[in-house]
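A short write-up of the structure that comes next.
The values are calculated or read from the model by the stated rules, or taken from the named source; none is laboratory data. Remember, predicted model here, so these are calculated numbers, not experimental data. All Cβ positions, even for glycine, are placed from backbone atoms using ideal geometry, and neighbour counts span all protein chains on display.
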Ligand SMILES: C[S@@+](CC[C@H](N)C(=O)[O-])C[C@H]1O[C@@H](n2cnc3c(N)ncnc32)[C@H](O)[C@@H]1O
């Protein structure tokens, strides 16, 4: 396979503060779309932040769930507003493939603190408070596929094994279940989060407006 990325910059260096002198000198082998080649992390964060989508992802972290890294990576791919980790602060970053540098990952020690943040979150209309929606196939959950997903919301995921905690369920306005057709009780939390994020994208995002997609 060809090397990912680009080698040292050829010719006169660009006069633009978004470029990182170390990357210009040594080349840029990071896993970023071509628009951001040679850019500093801060410049990439700022550009993504200027057009982030107005929905958030939250995932519980009571037992060092290995899915959090993959959730963060997918959240970066869909440019969600932020990922919220509820429970333990530490999580295994390996699956994130360094994407956690490019978006906000916010820690909340418990469900109460998390819902306090959600009720004070600023909305696009200038008001405060966004919907907190659980995603789990618990009894009483409604089908994700037919639920009218709001543009501004936070989608909350549980962990492998226990699923959404009772504290998290208590703070959710509704719990949405991704319909399954096979024999397994559930799908992997990282897979469920990817499906749900793409559900939001299908409903609210405009295809073809972001860099890094095939022309
Ligand atoms: C592996 S599941 C564990 C709990 C699951 N309720 C069970 O009974 O096996 C871990 C997390 O993945 C997500 N998940 C898995 N399957 C799902 C589905 N069909 N619909 C919605 N969320 C799902 C939920 O966020 C859940 O908390």
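Structure above, values below:
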{"item": "Test: residue 112 is more than 16 Å from the chain's Cα centre (by Cα) and more than 16 Å from the ligand (Cβ to nearest atom)", "result": "yes"}
{"item": "Any chance residue 134 is in contact (Cβ under 8 Å) with a residue 40 or more places away in the chain and in a loop (DSSP other than H, G, I, E, B)", "result": "no"}
{"item": "Qualifying residue in segment 148-155 (condition: surrounded by 15 or more Cβ atoms within 10 Å (Cβ to Cβ), within 13 Å of the ligand (Cβ to nearest atom) and free of Cβ contacts under 8 Å to residues at least 40 places away in the same chain)", "result": "no"}
{"item": "Residue within segment 171-187 that is within 12 Å of the ligand (Cβ to nearest atom), under 14 Å from residue 59 (Cβ atoms) and within 16 Å of the chain's Cα centre (by Cα) present", "result": "no"}
{"item": "Matching helices (runs of 4 or more DSSP H) fully within segment 1-90 where at least 1 residues are modelled with pLDDT under 95 and closer than 30 Å to residue 107 by Cβ", "result": "67-77"}
{"item": "All positions within segment 122-147 that are away from the ligand (no atom under 13 Å from the Cβ) and crowded, with 20+ Cβ neighbours inside 10 Å", "result": "130, 132"}
{"item": "Single condition residue 117 does not satisfy, out of (1) within 20 Å of residue 76 (Cα to Cα); (2) touching a residue at least 12 places away in the same chain (Cβ under 8 Å); (3) away from the ligand (no atom under 16 Å from the Cβ)", "result": "(1)"}
{"item": "Of the criteria (1) modelled with pLDDT under 95; (2) within 9 Å of the ligand (Cβ to nearest atom); (3) within 16 Å of the chain's Cα centre (by Cα), which one residue 98 fails", "result": "(2)"}
{"item": "Test for residue 210: is it farther than 22 Å from residue 54 by Cβ, at pLDDT below 95, more than 8 Å from the ligand (Cβ to nearest atom) and not assigned by TED's automatic domain parsing to the domain that holds residue 112", "result": "no"}
